[in-house]
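Asks: Submitted below is the structure of interest, expressed as structure tokens.
The values are calculated or read from the model by the stated rules, or taken from the named source; none is laboratory data. Computed from a prediction, not measured in an experiment: that's the story for all the values here. Counting neighbours? That spans all protein chains shown, and the Cβs are built from the backbone with ideal geometry, glycine included.
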Amino acid sequence: MFSNIPFNRVNWFTSGFLIVTFLTAVIGTPLYFFHFGFDPFLIVLFVAYFIATGMSITLGYHRLFAHKAFKASKPVKLFTLIFGAAAFEDSALDWASDHREHHKHVDHEDDDPYAISKGFFWAHMGWIFFKLYPRELTNVNDLRKDPLVMWQHKHHQIIGVLAGLVAPALIGAAYNGWVGLLGGFLIGGIARLVAVQHCTFFINSLCHTIGNRPYDASTSARDSWIMAIFTFGEGYHNYHHSFQHDYRNGVKSWQWDPTKWAIWSLNKLGLAEDLRRVPEEKIVLAELRETHRLAEEQLVKTKQWNISCPDYKAAMRTLSEMSEKLGEGYSELEQAVSDRVDLSREKISYWREQVAETVEQLSVMDRLQPAMA
Ligand SMILES: [Zn+2]
Ligand SMILES: [Zn+2]
């Protein structure tokens, strides 16, 4: 059963930490509440710590350090470095290095550290069991120039223990003595870090498995609003892999992306600047290209079936017209993007609507299809 596991390359310390914390959380939490009774204070502590450490990963480790999607003031950097360490996901420097490799080589088994093609569990957390140190970290020279990043890189384990385990235990003790200390350590510390870690891991596993691909179907990364809820907005992963330097992952105004809102708020407070946004034209262009490709693919496929049903023939004709229109729009938008011409809001909205209508038409054909095929 375990014959294909290279035991000589297992990082036993990290693996032990992941397993022991997981078991402590799932067994210890119900036992604690059963023994000492339910205490809402510990839930508040858990949620506050979950947000502080989870957002330090998404806003700090991910969008600020790995992608440089905006510039942050020292207090923001310091906060995300301290509470990021408390999530126990390695140092920001190390995390950013892996993540940049992931984007550069996504879906290539040999170079993408958490390639989904190596299986769901590998992408989720299996890869961490085999992460050995010291590592070269050649793709983060820009971050090496930041003294705060280097300070955290050197001391992230002790910072993590103090901020992520000792501090919640002390908060619990101040609230309710020894029982509170144990509860703070277990619920605010261990259970919370396990929850944050798995939410991060989901981005590499589920966000490369469930959802749709409106911007680029050539990558395994997917957009999923359900995943966005668990990951502070990181669930719009197809957009993110298409435009990794945008500070937004949920780029549409209605998409759930608390990390985007936090960065925007920090900017308004003067704590963040140079927020990078991909121009609307480029985003619509990507949606248009992908939808056009899907429509053409569907037309080629169904033409071969030689279906005589009049409803289906009419639906195909409509799709064919829409696809032709998208093809024309693509050339126009591509020209505008290469000439760096700003298109009017009306124009952009018009193409958005055309894309949405074509997507709808494709799903109409999908519904008709089972009876016809
Ligand atoms: Zn990814
Ligand atoms: Zn990323």
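Yes/no matrix, rows are residues, columns are (1) within 16 Å of ligand 1 (Cβ to nearest atom); (2) more than 28 Å from residue 241 (Cα to Cα); (3) crowded, with 24+ Cβ neighbours inside 10 Å; (4) among the hydrophobic types (A, V, I, L, M, F, W, C):
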residue	(1), (2), (3), (4)
11	no, yes, no, no
18	no, no, no, yes
35	no, yes, no, no
40	no, yes, no, no
46	no, yes, no, yes
58	yes, no, yes, no
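Asks: Here's something else I'd like to know. Evaluate segment 261-283: report whether one residue or more is farther than 30 Å from residue 365 by Cα, more than 16 Å from ligand 1 (Cβ to nearest atom) and in contact with a Lys or Arg (Cβ under 6 Å, 6 or more places away or on another chain).
Replies: From segment 261-283, those farther than 30 Å from residue 365 by Cα are 261-279; that's our starting set.
Filter once more, keeping what is more than 16 Å from ligand 1 (Cβ to nearest atom): 261-279.
In the following step, the residues that additionally are in contact with a Lys or Arg (Cβ under 6 Å, 6 or more places away or on another chain) were identified as 273-274.
Checked segment 261-283: at least one residue is farther than 30 Å from residue 365 by Cα, more than 16 Å from ligand 1 (Cβ to nearest atom) and in contact with a Lys or Arg (Cβ under 6 Å, 6 or more places away or on another chain).
Asks: Looking only at segment 209-237, count how many residues are away from ligand 2 (no atom under 12 Å from the Cβ) and either in a helix (DSSP H, G or I) or out of contact with any helix residue (DSSP H, G or I) (no Cβ under 8 Å at 6 or more places or on another chain) (or both).
Replies: Count: 7.
Asks: Among the helices (runs of 4 or more DSSP H) confined wholly to segment 85-165, which include 1 or more residues that are of a type in the set (Asp, Glu), assigned by TED's automatic domain parsing to the domain that holds residue 240 and within 15 Å of ligand 2 (Cβ to nearest atom)? Full working, then the answer.
Replies: Values: elements: 92-104, 141-144, 147-161.
Result: 92-104.
Asks: Just checking, which of 216, 223 is crowded, with 22+ Cβ neighbours inside 10 Å and within 16 Å of ligand 1 (Cβ to nearest atom)?
Replies: Values: 216 fails: crowded, with 22+ Cβ neighbours inside 10 Å.
After ruling out the rest, the residue left standing is 223.
Asks: Where the second residue is in a loop (DSSP other than H, G, I, E, B) and the first is closer than 14 Å to residue 53 by Cβ and lies in segment 191-216, which pairs have Cβ atoms under 7 Å and are six or more apart or on separate chains?
Replies: Qualifying pairs under 7 Å: 193/87; 193/88; 196/87; 197/87; 197/88; 197/89; 199/231; 200/89.
Asks: Give segment 231-260 a look and list any residue that's within 16 Å of ligand 1 (Cβ to nearest atom) and in contact with a Leu (Cβ under 7 Å, 6 or more places away or on another chain), or say none.
Replies: 259
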